[in-house]
1. Can you pull out every residue in the stretch 69-119 that is exposed (fewer than 14 other Cβ atoms within 10 Å of the Cβ), over 21 Å from Ser145 (Cβ atoms) and among the hydrophobic types (A, V, I, L, M, F, W, C)?
2. For the condition touching a Lys or Arg at 6+ places or on another chain (Cβ under 7 Å), at pLDDT 95 or above and aromatic (Phe, Trp, Tyr), what is the one hit in Tyr161, Tyr98, Tyr82?
3. So, Thr138, is that one surrounded by 19 or more Cβ atoms within 10 Å (Cβ to Cβ), part of a strand (DSSP E or B) and of a type outside the set (Asp, Glu) or not?
4. What do you reckon, is Ser154 part of a strand (DSSP E or B) and crowded, with 20+ Cβ neighbours inside 10 Å?
Amino acid sequence: MNAITRRVVVAACAAAIAAPAAVAATYATASASASASATITAAAATTPSCGITWGSAAKATSPALLWTGRVTGVRAGQHTCYDRLTVDLAPGRGTLGYSVRYVSAVTGSGSGLPVAVTGGARIQVTVNAPSTRGRSTTNFSDWRSFRQLKDIGSFEGYTDYGLGVRARLPMRAFVLTDADGGRRLVVDVAHQW
């Protein structure tokens, strides 16, 4: 983990630890005033303050950015404010490019034919790296944002995934570098606006 990432993680943890105390102090002050404001403060105390400002516009790099390392795995996780998809890639050369965007229909690699993906909205994730992994489908039961993930396949050095989500929600995408030189494409989809 590099120094900047570590500082961001430490700041986020400190804010998460300080938030309950600030909410409790606000609640104590509000309870001394009208009961209506105390009710509003109590409701705010039960809702996480995520401060998400990502939006739902496409997140992409240049299609010319290519990574020679292969996709080695795909995993998903649940967080307080978002669901996360992580695409793991082996060490390689070049720059990892990607395209993450909401689409009306997810399309197959190379064929352009529609691929059915469950969810109120669909995100096409294109990783500018090859994969030898087979096609697969993962269903997410009782997740706040994710509904289904389909590994559509790889064609001419680009690998596609269809991600079904509950609705068109804010999302972000970014690349992390592993200690061994590999890469991770991270896609976060918020639980709410």
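1. Within the stretch 69-119, just Leu113 meets the criteria.
2. Details: Tyr98 fails: touching a Lys or Arg at 6+ places or on another chain (Cβ under 7 Å); Tyr82 fails: touching a Lys or Arg at 6+ places or on another chain (Cβ under 7 Å).
Being touching a Lys or Arg at 6+ places or on another chain (Cβ under 7 Å), at pLDDT 95 or above and aromatic (Phe, Trp, Tyr) holds for just one of Tyr161, Tyr98, Tyr82, which is Tyr161.
3. Details: surrounded by 19 or more Cβ atoms within 10 Å (Cβ to Cβ): no; part of a strand (DSSP E or B): yes; of a type outside the set (Asp, Glu): yes.
Against the criterion (surrounded by 19 or more Cβ atoms within 10 Å (Cβ to Cβ), part of a strand (DSSP E or B) and of a type outside the set (Asp, Glu)), Thr138 does not qualify.
4. On the way: part of a strand (DSSP E or B): yes; crowded, with 20+ Cβ neighbours inside 10 Å: yes.
The answer is yes for Ser154.
The values are calculated or read from the model by the stated rules, or taken from the named source; none is laboratory data. Quick caveat: nothing in here was measured; it's all calculated off a predicted structure. Neighbour counts are summed over all protein chains in view; Cβ atoms, including those assigned to glycine, are modelled from backbone coordinates with ideal geometry.
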